[in-house]
Amino acid sequence: TTSQPAILIIQPLMPQLDEKLTQHFHCYRLYEQPDPAVFIARHGTAIKAIVTRGDVGVETALLEQLPECKAIAVFGVGTDRIDLNYAAAHDIQISITRDILTDDVADLALTLTLAFSRNLVAYHQFAQSGAWENNAVALSSRASGKRIGIAGLGAIGLAIARRAEAFGMQVAYTARTAKEVSYKRCDNIEQLAAFSDFLVLALPGSAENLQLVDAKVLTALGREGVLINIARGTVINEADLIAALQQGTIKGAALDVYPQEPIINPALRQLDNVLLTPHIASATHETRAQMTNNVLENLLAYFADGKILTAV
Ligand code: 8YV
């Protein structure tokens, strides 16, 4: 109804979340507008808050046209596509689904690591097709004892490190500041890559990390090295990665994120030494239900007393 606060939804959300938002707020959906500029000119001043996804964000040019919008609720933890300086300068509060998805994302990082080293997908196809009846079983690689380098030791990176440790792997990391952990800290990603059998990217997709993993880093990772990405596609120079995979500069890659989701570069899709998932690290029923509640509770708190709950 019109007495409910007006919020703007930037891109399609999961149906469960969209339904809950519709119950509590007057929802405008930017992605449904035939002419977004006309829509913003007409309704921009009515918008009090935005809901967006971690992987979608909000353009600064749009925020500039929403003078009454002082809250952004992110369905996710990524704020790489939100101008935090602009938000701070204009008293715009940003909430993220802090801590909720950490374990799921770390679980996927280890799932990819183990699935890659143990040839899980190829073995499944081999068994399911009946190929086993006429063919010898190929060998895979041991994961325990191997070196795992974690780029970015935030909550997710640390959860990955703990799991890798439990699997008997040797852990090293990079981070802007040293952490109180027993793991070896490397000065930069190239050094970490040189250390690693598995190089796991767990850093934000911020400007400073744009295409951080390039030909130099991949060469350092080496012919036996595997790249795992559960962060953002933008952290990798994709052309360099594809060349490295084609030429055997690295052994392989397991990826959950890509630069232009949901499009995956066809060159990447044609390779045998990749394991690809469609950005599902946080996509469990349990986590998505909690993320949904988090977004709703942050907005309800904001409209009740002007303060979001789980700030970035
Ligand atoms: C989600 C994410 O896939 O938290 C993030 O930043 O990338 C993921 O949790 C996304 O935000 C929702 O589609």
request  = Of the conditions (1) within 16 Å of the ligand (Cβ to nearest atom); (2) closer than 26 Å to L158 by Cβ, L296 clears all except one; give me its number.
outcome  = (2)
note = Of the residues in the range 248-285, those that are over 14 Å from the mean Cα position of the chain (by Cα), surrounded by fewer than 15 Cβ atoms within 10 Å (Cβ to Cβ) and in contact (Cβ under 8 Å) with a residue 40 or more places away in the chain come to none
query = (1) of a type in the set (A, V, I, L, M, F, W, C); (2) within 15 Å of the ligand (Cβ to nearest atom); (3) within 30 Å of S3 (Cα to Cα): which one isn't true of A301, the others all being true?
reply = (2)
key: Qualifying positions in the range 31-56 - within 16 Å of the ligand (Cβ to nearest atom) and open to solvent by less than 60 Å² (accessible area, probe 1.4 Å)   = I50, V51, T52, G54, D55, V56
Criterion violated by V213 - all others in (1) touching an Asp or Glu at 6+ places or on another chain (Cβ under 8 Å); (2) open to solvent by 10 Å² or more (accessible area, probe 1.4 Å) satisfied = (2)
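For the structure I just gave you, tell me whether I148 is among the hydrophobic types (A, V, I, L, M, F, W, C), within 16 Å of the ligand (Cβ to nearest atom), at pLDDT 95 or above and open to solvent by less than 70 Å² (accessible area, probe 1.4 Å).
Taking the combined requirement at face value, the residue does not satisfy it.
Scanning for something more than 16 Å from the ligand (Cβ to nearest atom), closer than 30 Å to Q170 by Cα, part of a helix (DSSP H, G or I) and open to solvent by 60 Å² or more (accessible area, probe 1.4 Å), does the range 124-132 turn up at least one residue?
So the first thing to find is which residues in the range 124-132 are more than 16 Å from the ligand (Cβ to nearest atom), and the list is 124-132.
Adding the requirement that they be closer than 30 Å to Q170 by Cα leaves 124.
Now restrict to residues that are part of a helix (DSSP H, G or I): 124.
With the extra rule that they be open to solvent by 60 Å² or more (accessible area, probe 1.4 Å), the set shrinks to 124.
Scanning the range 124-132, I find at least one residue that is more than 16 Å from the ligand (Cβ to nearest atom), closer than 30 Å to Q170 by Cα, part of a helix (DSSP H, G or I) and open to solvent by 60 Å² or more (accessible area, probe 1.4 Å), so the answer is yes.
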task = Look through D99, D80 and report the one residue that is assigned to a loop (DSSP other than H, G, I, E, B), of a type outside the set (G, A, S) and more than 13 Å from the chain's Cα centre (by Cα).
result = D99
inquiry  = Name the residue that is nearest to the chain's Cα centre (by Cα), counting only residues in the range 63-77 that are open to solvent by less than 10 Å² (accessible area, probe 1.4 Å) and near the ligand (Cβ under 10 Å from one of its atoms).
reply    = G76
request  = Would you point out the residue of the range 78-103, among those that are open to solvent by 40 Å² or more (accessible area, probe 1.4 Å) and of a type in the set (G, A, S), that is farthest from the ligand (Cβ to nearest atom)?
outcome  = A89
remark   = Scanning the range 180-196 for residues that are out of contact with any Leu (no Cβ under 9 Å at 6 or more places or on another chain) and in contact (Cβ under 8 Å) with a residue 40 or more places away in the chain gives F195
task = Test each condition in (1) of a type outside the set (S, T, N, Q); (2) open to solvent by 10 Å² or more (accessible area, probe 1.4 Å); (3) not in a loop (DSSP other than H, G, I, E, B) for L199 and report the one that comes out false.
result = (2)
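For the range 23-42, name all the residues that are without any contact (Cβ under 8 Å) to a residue 60 or more places away in the chain and not in a helix (DSSP H, G or I).
Our first condition is that a residue be without any contact (Cβ under 8 Å) to a residue 60 or more places away in the chain; within the range 23-42, this holds for 23, 26-42.
Listed by number, the residues that qualify are H26, C27, Y28, R29, Q33, P34, D35.
The values are calculated or read from the model by the stated rules, or taken from the named source; none is laboratory data. As the structure is a computational prediction, the values presented were derived from the model and not from experiment. Cβ atoms come from the backbone with ideal geometry, glycine included; neighbour counts cover every protein chain shown. All accessible areas refer to the heavy atoms of the entire protein, side chains included, with ligands and DNA or RNA removed. Shrake-Rupley method; radii C 1.70, N 1.55, O 1.52, S 1.80 Å.
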